[in-house]
1. For ASN72, only one of the following conditions fails: (1) under 14 Å from the mean Cα position of the chain (by Cα); (2) closer than 19 Å to ALA126 by Cβ; (3) polar (S, T, N, Q). What is its number?
2. Could you run through the stretch 22-49 and say how many residues are surrounded by 13 or more Cβ atoms within 10 Å (Cβ to Cβ) and part of a loop (DSSP other than H, G, I, E, B)?
3. For the stretch 132-154, what are the residues that are surrounded by 20 or more Cβ atoms within 10 Å (Cβ to Cβ) and over 21 Å from the mean Cα position of the chain (by Cα)?
4. Looking at (1) more than 15 Å from the chain's Cα centre (by Cα); (2) part of a loop (DSSP other than H, G, I, E, B); (3) of a type in the set (A, V, I, L, M, F, W, C), can you tell me which one ALA126 breaks?
5. Please specify each residue of the stretch 2-21 satisfying the condition of being exposed (fewer than 12 other Cβ atoms within 10 Å of the Cβ) and either assigned to a strand (DSSP E or B) or not assigned by TED's automatic domain parsing to the domain that holds THR143 (or both).
6. Tally the residues that are farther than 25 Å from ASP19 by Cβ and either surrounded by 15 or more Cβ atoms within 10 Å (Cβ to Cβ) or small (Gly, Ala, Ser) (or both), restricting the search to the stretch 91-111.
7. Quick test of your reading of the structure: GLY55 fulfils all but one of (1) in contact with a Lys or Arg (Cβ under 7 Å, 6 or more places away or on another chain); (2) assigned by TED's automatic domain parsing to the domain that holds LYS16; (3) surrounded by fewer than 14 Cβ atoms within 10 Å (Cβ to Cβ). Name the failing condition by number.
8. Is it true that GLY156 is at pLDDT 95 or above and more than 20 Å from ALA98 (Cα to Cα)?
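The values are calculated or read from the model by the stated rules, or taken from the named source; none is laboratory data. These numbers come from a predicted model, not from an experiment. Reconstructed Cβ throughout: ideal geometry from the backbone, glycine too, with neighbour counts over all protein chains shown.
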Amino acid sequence: MNVTKENVVSINYTLKNDDGQVLDSSADGNPLVYLHGVGQIIPGLEKALEGKTKGEKVNVTIPPEEAYGPRNDQMIQTVPKSEFEDADTIEVGVQFQADTQAGPMIFTVIEVKDNDFVLDGNHPLAGMTLHFDVEVSDVRAATAEEISHGHVHGPGGHDH
């Protein structure tokens, strides 16, 4: 069976940056399981896996435009510490989710000033070229319920 739209795909992968530093990996023995063709993984990786079969390996370099997009300086903002209940415990690197007009977003504290925090709403991998080593460990047809819900159920997916 080939990796095509609305098939459930399991992959083992290692993700590196341009310097060869490992950013993420499924080396712990838990493959990434996703529903192909519905935008659950970055577009460049989805394209690289299209048509592959169980056991195939792919080495692919994905530019920011096909991954998490370019960095956007407009996503950086300064927010008064007074807007945070636990401001004394917040330091550089802390991430949190906030509701915005565009929906929920993850922000990372990139600077702590006397009275303010500087927050970055860019994805941590935005602007980066990503290097994936991937092996397709399984491909199966999705169930009608998985297709209607838009995600995988059972092991590696959601329970309902």
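1. (1)
2. Residues meeting the conditions: 8.
3. If the condition is that a residue be surrounded by 20 or more Cβ atoms within 10 Å (Cβ to Cβ) and over 21 Å from the mean Cα position of the chain (by Cα), then ALA142 is the only one that fits.
4. Going through the list (1) more than 15 Å from the chain's Cα centre (by Cα); (2) part of a loop (DSSP other than H, G, I, E, B); (3) of a type in the set (A, V, I, L, M, F, W, C), ALA126 breaks only (1).
5. Within the stretch 2-21, the subset exposed (fewer than 12 other Cβ atoms within 10 Å of the Cβ) is 18-21.
Those that are exposed (fewer than 12 other Cβ atoms within 10 Å of the Cβ) and either assigned to a strand (DSSP E or B) or not assigned by TED's automatic domain parsing to the domain that holds THR143 (or both): none in the stretch 2-21.
6. 5
7. Result: GLY55 passes all but (1).
8. The answer is no for GLY156.
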